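The values are calculated or read from the model by the stated rules, or taken from the named source; none is laboratory data. Note that the coordinates shown come from a computational prediction; the quantities given were computed from them, not determined experimentally. Neighbour counts run over all protein chains shown; Cβ positions are idealised from the backbone, glycine included.
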Amino acid sequence: MLPLITPAILTDNLETFKEQLNKIHTNYSSIQIDVMDGEFVKTRSFIERDELNDIESEAYFELHLMVKDPLTELSRWLNVANISSVVFHLEATTDIAECISHIKRHNWKVGIALNPETVLEKVLPYINMVDEILFMTVHPGQQGSMFVDEVLEKIKAFKKLGAEAICSADGGINEQTIKSVVDAGADKLYIGSAIVQASNPEAAHENLIKAIGETTI
């Protein structure tokens, strides 16, 4: 079974976001927006929020909050119309359950992301409370970072649990790494530069699918 591929846009400039979205939005049902605060990760994303309502796109937005204070950041997105889901980092908050509850109150799907060094056991108490567990296959905050192979073993271990939550992966996924991530068991892939910065995003998508080949899931 082929995984779901969702493009991820990481930028500190709204106009760049619009340009990259315009290249891809008609081919995907949803787009991930990487949200960064310069604290949890070194880089920052664009600060405009409500202006996204002026963009003509049928694609939903999935927020990936790479921020130190997820609840405060969420308050800045309440007026954005077409958000479908929010993923926050396990390492960013001590009140995981409250963050999950807060996201659900807005009728958004909710996910928890784990940095490469975070052990799987830390997220186990919450896997039946969320829709998605996101495994970072790079150290977050910058597109083009080095792929961390060790995360593949965590993905395999998570899949063996038989949890209902979607198993997703994000970071450094390209034609060279995509097969290993899918073979490990990832159901959903967030792919940034390999799609959004490609000169021909449609061809890039096709090449990624070809690179998967025969998979084990």
What number goes with the only condition from (1) within 17 Å of the chain's Cα centre (by Cα); (2) without any contact (Cβ under 8 Å) to a residue 24 or more places away in the chain; (3) surrounded by fewer than 17 Cβ atoms within 10 Å (Cβ to Cβ) that SER199 does not pass?
(1)
Do the conditions hold for ILE166, that is, is it in contact (Cβ under 8 Å) with a residue 40 or more places away in the chain and under 21 Å from GLU132 (Cα atoms)?
yes
Test: residue in region 142-157 that is in contact with a helix residue (DSSP H, G or I) (Cβ under 9 Å, 6 or more places away or on another chain) and of a type in the set (Ser, Thr, Tyr):
no
Scan region 138-147 and give yes if some residue there is crowded, with 18+ Cβ neighbours inside 10 Å, assigned to a loop (DSSP other than H, G, I, E, B) and of a type in the set (Gly, Ala, Ser), otherwise no.
yes
Failed criterion for GLU62 (all others in (1) at pLDDT below 95; (2) of a type in the set (Asp, Glu); (3) closer than 30 Å to ASP183 by Cα hold)
(1)
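Could you list, in sequence order, all residues of region 155-176 that are surrounded by fewer than 20 Cβ atoms within 10 Å (Cβ to Cβ) and farther than 20 Å from LEU65 by Cβ? Before you say what the answer is, go through the steps one by one.
Here is the first cut: in region 155-176, the ones surrounded by fewer than 20 Cβ atoms within 10 Å (Cβ to Cβ) are 156-157, 159-164, 166, 174-176.
Answer for region 155-176, where residues must be surrounded by fewer than 20 Cβ atoms within 10 Å (Cβ to Cβ) and farther than 20 Å from LEU65 by Cβ: LYS156, ALA157, LYS159, LYS160, LEU161, GLY162, ALA163, GLU164, ASN174, GLU175, GLN176.
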When restricted to SER168, SER180, the only residue in contact with a Leu (Cβ under 7 Å, 6 or more places away or on another chain), at pLDDT 95 or above, farther than 30 Å from LYS18 by Cβ and not in a loop (DSSP other than H, G, I, E, B) is SER180
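Collect the residues in region 3-15 that are outside any loop (DSSP other than H, G, I, E, B), more than 19 Å from ASP170 (Cβ to Cβ) and in contact (Cβ under 8 Å) with a residue 24 or more places away in the chain, keeping them in residue-number order.
So in region 3-15, the residues outside any loop (DSSP other than H, G, I, E, B) come out as 4-9, 14-15.
Filter again for more than 19 Å from ASP170 (Cβ to Cβ), leaving 14-15.
Within region 3-15, just LEU14 meets the criteria.
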List every residue pair whose Cβ atoms sit under 8 Å apart, with the two residues 6 or more apart in sequence or on different chains, where the first one lies in region 140-163 and is within 16 Å of LEU10 (Cα to Cα) and the second, anywhere, is part of a helix (DSSP H, G or I).
GLN143/SER193; GLY144/SER193
